[in-house]
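Working notes, beginning with the structure itself.
The values are calculated or read from the model by the stated rules, or taken from the named source; none is laboratory data. Bear in mind that the values here come from a model prediction, so they are computed numbers and not experimental data. So basically every Cβ, Gly included, is an ideal-geometry build from the backbone, and we count neighbours across all protein chains shown. The area values use the complete protein model at the heavy-atom level, side chains included, leaving out ligands, DNA and RNA. Shrake-Rupley method; radii C 1.70, N 1.55, O 1.52, S 1.80 Å.
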Amino acid sequence: MNAEPQRLTVASDQDVVRVRQLVRTVAVAVKLSLVDQTKLVTAASELARNTLVYGGGGTVEVDRVDNGRRAGIRIAFVDSGPGIADVNLALTDGYTTGGGLGLGLSGARRLVDEFDIDTEPGRGTSITVTKWCR
Amino acid sequence: MERVPVLKIGDMLLVSIQVDMEDQTALNLQEDLADKIVATGCRGVIIDISALDIVDSFVGRMLATIAGISKVLDAETVVVGMRPAVAITLVELGLSLPGIRTALNVELGMALLARARFEAEGGGDAGEDDETVAAAS
(Lines give C-alpha, C1' and ligand atoms only; values in the text may rest on other atoms or scores of the structure.)
Protein backbone atom coordinates (compact mmCIF):
# COMPACT_ATOMS: atom_id res chain seq x y z
CA MET A 1 0.00 0.00 0.00
CA ASN A 2 2.58 2.53 1.08
CA ALA A 3 4.95 3.78 -1.54
CA GLU A 4 8.56 4.43 -0.64
CA PRO A 5 9.06 7.62 1.39
CA GLN A 6 10.56 10.42 -0.64
CA ARG A 7 13.35 12.50 0.78
CA LEU A 8 14.61 15.93 -0.19
CA THR A 9 17.55 17.92 1.06
CA VAL A 10 16.74 21.48 2.09
CA ALA A 11 19.73 23.73 1.55
CA SER A 12 18.39 26.64 -0.52
CA ASP A 13 15.32 28.68 -1.43
CA GLN A 14 14.91 26.45 -4.47
CA ASP A 15 14.68 23.38 -2.26
CA VAL A 16 11.76 24.95 -0.38
CA VAL A 17 9.96 25.24 -3.73
CA ARG A 18 10.78 21.57 -4.42
CA VAL A 19 9.32 20.56 -1.05
CA ARG A 20 6.08 22.37 -1.89
CA GLN A 21 5.91 20.63 -5.26
CA LEU A 22 6.60 17.17 -3.83
CA VAL A 23 4.03 17.61 -1.06
CA ARG A 24 1.48 18.81 -3.60
CA THR A 25 2.09 15.75 -5.81
CA VAL A 26 1.72 13.31 -2.92
CA ALA A 27 -1.32 15.17 -1.52
CA VAL A 28 -3.03 14.79 -4.89
CA ALA A 29 -2.06 11.11 -5.04
CA VAL A 30 -3.65 10.33 -1.65
CA LYS A 31 -6.72 12.33 -2.73
CA LEU A 32 -6.72 15.05 -0.12
CA SER A 33 -9.42 17.64 -0.83
CA LEU A 34 -8.29 20.84 -2.53
CA VAL A 35 -8.53 22.85 0.68
CA ASP A 36 -6.59 20.20 2.60
CA GLN A 37 -3.94 20.06 -0.13
CA THR A 38 -3.60 23.81 0.11
CA LYS A 39 -3.34 23.73 3.90
CA LEU A 40 -0.74 20.95 3.87
CA VAL A 41 1.41 22.53 1.15
CA THR A 42 1.27 25.85 3.02
CA ALA A 43 2.28 24.19 6.30
CA ALA A 44 5.09 22.34 4.50
CA SER A 45 6.31 25.61 3.02
CA GLU A 46 6.46 27.25 6.45
CA LEU A 47 8.24 24.31 8.05
CA ALA A 48 10.70 23.77 5.19
CA ARG A 49 11.61 27.46 5.37
CA ASN A 50 12.17 27.09 9.12
CA THR A 51 14.43 24.09 8.46
CA LEU A 52 16.44 26.26 6.08
CA VAL A 53 16.48 29.58 7.95
CA TYR A 54 16.61 28.49 11.60
CA GLY A 55 17.98 24.96 11.27
CA GLY A 56 20.67 25.88 8.76
CA GLY A 57 19.27 23.31 6.33
CA GLY A 58 18.26 19.70 6.74
CA THR A 59 16.02 17.08 5.19
CA VAL A 60 12.34 16.62 4.48
CA GLU A 61 10.79 13.18 4.16
CA VAL A 62 7.33 12.73 2.68
CA ASP A 63 5.52 9.48 3.33
CA ARG A 64 2.09 8.06 2.49
CA VAL A 65 0.45 6.55 5.56
CA ASP A 66 -2.66 4.55 6.29
CA ASN A 67 -4.14 3.91 9.72
CA GLY A 68 -6.56 1.24 8.50
CA ARG A 69 -9.42 3.69 8.27
CA ARG A 70 -7.95 6.60 6.40
CA ALA A 71 -5.09 7.42 4.10
CA GLY A 72 -2.89 10.39 4.76
CA ILE A 73 0.50 12.00 4.40
CA ARG A 74 3.22 12.30 6.99
CA ILE A 75 6.04 14.77 6.52
CA ALA A 76 9.15 14.94 8.69
CA PHE A 77 11.36 18.05 8.78
CA VAL A 78 14.72 17.33 10.35
CA ASP A 79 17.63 19.66 10.97
CA SER A 80 20.68 19.55 13.20
CA GLY A 81 20.67 23.26 13.89
CA PRO A 82 20.62 25.08 17.24
CA GLY A 83 17.30 23.59 18.39
CA ILE A 84 14.53 25.44 20.18
CA ALA A 85 14.98 26.31 23.86
CA ASP A 86 11.36 27.16 24.66
CA VAL A 87 8.95 25.24 22.42
CA ASN A 88 5.83 26.79 23.94
CA LEU A 89 7.15 30.25 23.27
CA ALA A 90 8.15 29.30 19.72
CA LEU A 91 4.60 28.03 19.13
CA THR A 92 3.08 31.34 20.18
CA ASP A 93 1.52 33.43 17.40
CA GLY A 94 3.68 36.43 16.67
CA TYR A 95 6.83 35.22 18.41
CA THR A 96 9.86 35.30 16.15
CA THR A 97 13.61 35.33 16.42
CA GLY A 98 14.06 35.69 12.68
CA GLY A 99 12.34 38.94 11.79
CA GLY A 100 9.34 37.21 10.23
CA LEU A 101 5.72 37.38 11.25
CA GLY A 102 6.04 34.66 13.86
CA LEU A 103 3.27 32.65 12.24
CA GLY A 104 5.27 29.87 10.61
CA LEU A 105 5.38 27.31 13.40
CA SER A 106 2.12 28.20 15.15
CA GLY A 107 0.25 28.60 11.86
CA ALA A 108 1.60 25.36 10.42
CA ARG A 109 0.35 23.50 13.50
CA ARG A 110 -3.18 24.80 12.89
CA LEU A 111 -3.11 23.64 9.28
CA VAL A 112 -2.39 19.95 9.94
CA ASP A 113 -4.12 17.16 11.90
CA GLU A 114 -1.12 15.98 13.90
CA PHE A 115 1.95 17.95 14.86
CA ASP A 116 4.90 16.57 16.81
CA ILE A 117 8.00 18.49 17.67
CA ASP A 118 11.18 17.04 19.10
CA THR A 119 13.90 19.56 19.82
CA GLU A 120 16.66 20.34 22.23
CA PRO A 121 19.18 23.18 22.25
CA GLY A 122 22.33 22.08 20.47
CA ARG A 123 20.78 18.91 19.07
CA GLY A 124 18.54 20.18 16.31
CA THR A 125 14.84 20.04 15.62
CA SER A 126 12.60 17.38 14.19
CA ILE A 127 8.99 18.20 13.34
CA THR A 128 6.54 15.62 12.04
CA VAL A 129 3.13 16.54 10.70
CA THR A 130 0.30 14.38 9.42
CA LYS A 131 -2.78 15.21 7.40
CA TRP A 132 -5.55 12.62 6.98
CA CYS A 133 -8.09 12.33 4.20
CA ARG A 134 -11.61 13.15 5.35
CA MET B 1 17.11 34.10 -10.75
CA GLU B 2 13.58 34.39 -12.09
CA ARG B 3 11.95 37.81 -12.07
CA VAL B 4 8.26 38.53 -12.07
CA PRO B 5 7.40 40.99 -14.86
CA VAL B 6 5.85 44.33 -13.93
CA LEU B 7 3.64 45.66 -16.76
CA LYS B 8 2.49 49.25 -17.17
CA ILE B 9 -1.08 49.48 -18.41
CA GLY B 10 -2.36 53.04 -18.67
CA ASP B 11 -1.64 54.62 -15.31
CA MET B 12 -1.53 51.32 -13.46
CA LEU B 13 1.10 48.66 -12.91
CA LEU B 14 0.03 45.06 -13.29
CA VAL B 15 1.94 42.21 -11.73
CA SER B 16 0.70 38.72 -12.48
CA ILE B 17 2.57 36.14 -10.45
CA GLN B 18 2.66 33.01 -12.57
CA VAL B 19 5.40 30.98 -10.93
CA ASP B 20 5.94 29.27 -7.59
CA MET B 21 8.31 31.96 -6.32
CA GLU B 22 11.49 31.36 -4.43
CA ASP B 23 11.79 33.70 -1.47
CA GLN B 24 14.46 35.75 -3.26
CA THR B 25 12.18 36.19 -6.27
CA ALA B 26 9.55 37.67 -3.96
CA LEU B 27 12.10 40.07 -2.48
CA ASN B 28 13.24 41.11 -5.96
CA LEU B 29 9.65 41.84 -6.90
CA GLN B 30 9.34 44.30 -4.01
CA GLU B 31 12.34 46.23 -5.29
CA ASP B 32 11.35 46.08 -8.95
CA LEU B 33 7.91 47.35 -8.13
CA ALA B 34 9.17 50.23 -5.99
CA ASP B 35 11.53 51.26 -8.80
CA LYS B 36 8.77 51.02 -11.39
CA ILE B 37 6.31 53.08 -9.32
CA VAL B 38 8.84 55.89 -9.06
CA ALA B 39 9.96 55.62 -12.68
CA THR B 40 6.42 55.68 -14.12
CA GLY B 41 4.57 57.76 -11.54
CA CYS B 42 1.78 55.19 -11.59
CA ARG B 43 -0.76 55.62 -8.83
CA GLY B 44 -2.19 52.11 -8.80
CA VAL B 45 -0.72 48.61 -8.53
CA ILE B 46 -2.64 45.41 -9.21
CA ILE B 47 -1.13 42.15 -8.07
CA ASP B 48 -2.80 39.14 -9.62
CA ILE B 49 -2.29 35.98 -7.56
CA SER B 50 -4.86 33.81 -9.35
CA ALA B 51 -2.13 31.43 -10.49
CA LEU B 52 -0.78 30.88 -6.97
CA ASP B 53 -1.95 27.67 -5.37
CA ILE B 54 -0.61 28.69 -1.99
CA VAL B 55 0.24 31.91 -0.18
CA ASP B 56 2.37 31.23 2.87
CA SER B 57 3.44 33.73 5.53
CA PHE B 58 6.45 34.82 3.47
CA VAL B 59 4.41 35.71 0.41
CA GLY B 60 1.71 37.19 2.66
CA ARG B 61 4.31 39.43 4.23
CA MET B 62 5.61 40.37 0.77
CA LEU B 63 2.10 41.45 -0.27
CA ALA B 64 1.74 43.55 2.88
CA THR B 65 5.18 45.07 2.35
CA ILE B 66 4.42 45.93 -1.27
CA ALA B 67 1.18 47.60 -0.20
CA GLY B 68 3.13 49.59 2.41
CA ILE B 69 5.88 50.61 0.00
CA SER B 70 3.32 51.64 -2.62
CA LYS B 71 1.48 53.72 -0.06
CA VAL B 72 4.51 55.80 0.83
CA LEU B 73 5.21 56.21 -2.88
CA ASP B 74 1.66 57.55 -3.36
CA ALA B 75 0.22 54.48 -5.04
CA GLU B 76 -2.59 52.14 -4.04
CA THR B 77 -2.23 48.36 -4.19
CA VAL B 78 -4.99 45.88 -4.85
CA VAL B 79 -4.41 42.13 -4.60
CA VAL B 80 -6.71 40.25 -6.94
CA GLY B 81 -7.64 36.71 -7.85
CA MET B 82 -7.06 34.87 -4.60
CA ARG B 83 -8.35 31.31 -4.82
CA PRO B 84 -10.94 30.23 -2.24
CA ALA B 85 -8.72 27.48 -0.78
CA VAL B 86 -5.90 30.00 -0.42
CA ALA B 87 -8.17 32.43 1.43
CA ILE B 88 -9.32 29.69 3.83
CA THR B 89 -5.73 28.62 4.47
CA LEU B 90 -4.41 32.15 4.94
CA VAL B 91 -6.97 32.98 7.59
CA GLU B 92 -6.35 29.72 9.42
CA LEU B 93 -2.61 30.35 9.22
CA GLY B 94 -3.30 33.60 11.07
CA LEU B 95 -2.79 36.04 8.22
CA SER B 96 -5.81 38.12 7.37
CA LEU B 97 -3.75 40.66 5.39
CA PRO B 98 -4.95 43.76 7.23
CA GLY B 99 -4.44 46.93 5.27
CA ILE B 100 -4.44 45.18 1.91
CA ARG B 101 -7.20 45.95 -0.53
CA THR B 102 -8.47 42.96 -2.43
CA ALA B 103 -10.76 42.34 -5.37
CA LEU B 104 -11.97 39.14 -6.97
CA ASN B 105 -10.36 39.72 -10.36
CA VAL B 106 -8.25 42.18 -12.36
CA GLU B 107 -11.27 43.97 -13.79
CA LEU B 108 -12.81 44.60 -10.37
CA GLY B 109 -9.38 45.60 -9.07
CA MET B 110 -9.05 48.25 -11.78
CA ALA B 111 -12.52 49.54 -10.98
CA LEU B 112 -11.60 49.72 -7.29
CA LEU B 113 -8.46 51.74 -8.06
CA ALA B 114 -10.38 54.08 -10.35
CA ARG B 115 -12.99 54.65 -7.65
CA ALA B 116 -10.34 55.21 -4.97
CA ARG B 117 -8.66 57.80 -7.22
CA PHE B 118 -11.96 59.49 -7.94
CA GLU B 119 -12.69 59.84 -4.23
CA ALA B 120 -9.14 60.92 -3.40
CA GLU B 121 -9.34 63.71 -5.96
CA GLY B 122 -12.45 65.03 -4.30
CA GLY B 123 -14.70 63.85 -7.08
CA GLY B 124 -18.29 62.85 -6.60
CA ASP B 125 -19.80 66.10 -5.39
CA ALA B 126 -19.79 67.66 -8.84
CA GLY B 127 -21.72 64.73 -10.19
CA GLU B 128 -18.95 63.70 -12.57
CA ASP B 129 -19.06 60.17 -13.85
CA ASP B 130 -16.09 57.81 -13.97
CA GLU B 131 -15.33 58.56 -17.62
CA THR B 132 -14.84 62.24 -16.96
CA VAL B 133 -12.38 61.44 -14.22
CA ALA B 134 -10.52 58.94 -16.35
CA ALA B 135 -10.23 61.54 -19.11
CA ALA B 136 -9.09 64.24 -16.72
CA SER B 137 -6.35 62.21 -15.06
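Tabulated data for the structure shown
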| quantity | calculated |
| --- | --- |
| Residue match in segment A:48-56 (condition: part of a helix (DSSP H, G or I), open to solvent by 40 Å² or more (accessible area, probe 1.4 Å) and within 11 Å of another protein chain (Cβ to nearest Cβ)) | yes |
| Complete set of residues in segment A:1-18 that are within 12 Å of chain B (Cβ to nearest Cβ) and surrounded by fewer than 24 Cβ atoms within 10 Å (Cβ to Cβ) | A:Ser12, A:Asp13, A:Gln14, A:Asp15, A:Val17, A:Arg18 |
| Failed item, numbered, when B:Thr25 is tested on (1) more than 14 Å from chain A (Cβ to nearest Cβ); (2) over 18 Å from B:Gly99 (Cβ atoms); (3) open to solvent by less than 50 Å² (accessible area, probe 1.4 Å); (4) assigned to a helix (DSSP H, G or I) | (1) |
| Residues within segment B:76-87 that are within 10 Å of the chain's Cα centre (by Cα) and free of Cβ contacts under 8 Å to residues at least 40 places away in the same chain, tallied | 4 |
| Residue that is surrounded by the fewest Cβ atoms within 10 Å (Cβ to Cβ) [pool: residues in segment A:19-35 that are within 9 Å of chain B (Cβ to nearest Cβ) and in contact (Cβ under 8 Å) with a residue 12 or more places away in the chain] | A:Ser33 |
| Residue check for A:Thr96: among the polar types (S, T, N, Q) and open to solvent by 40 Å² or more (accessible area, probe 1.4 Å) | yes |
| Helices (runs of 4 or more DSSP H) contained in segment B:56-137 and holding at least 2 residues modelled with pLDDT of 90 or more, more than 14 Å from every other protein chain (Cβ to nearest Cβ) and open to solvent by 80 Å² or more (accessible area, probe 1.4 Å) | B:57-72, B:106-120 |
| Residue ID - nearest to A:Leu8 (Cα to Cα), chosen from residues in segment A:64-82 that are of a type in the set (D, E, K, R) and more than 11 Å from the chain's Cα centre (by Cα) | A:Asp79 |
| Hits in segment B:57-94 - residues which are out of contact with any Gly (no Cβ under 7 Å at 6 or more places or on another chain) and hydroxyl-bearing (Ser, Thr, Tyr) | B:Thr65, B:Ser70, B:Thr77, B:Thr89 |
| Residue under evaluation A:Thr97, criteria (1) in a loop (DSSP other than H, G, I, E, B); (2) polar (S, T, N, Q); (3) within 14 Å of another protein chain (Cβ to nearest Cβ), criterion not met | (3) |
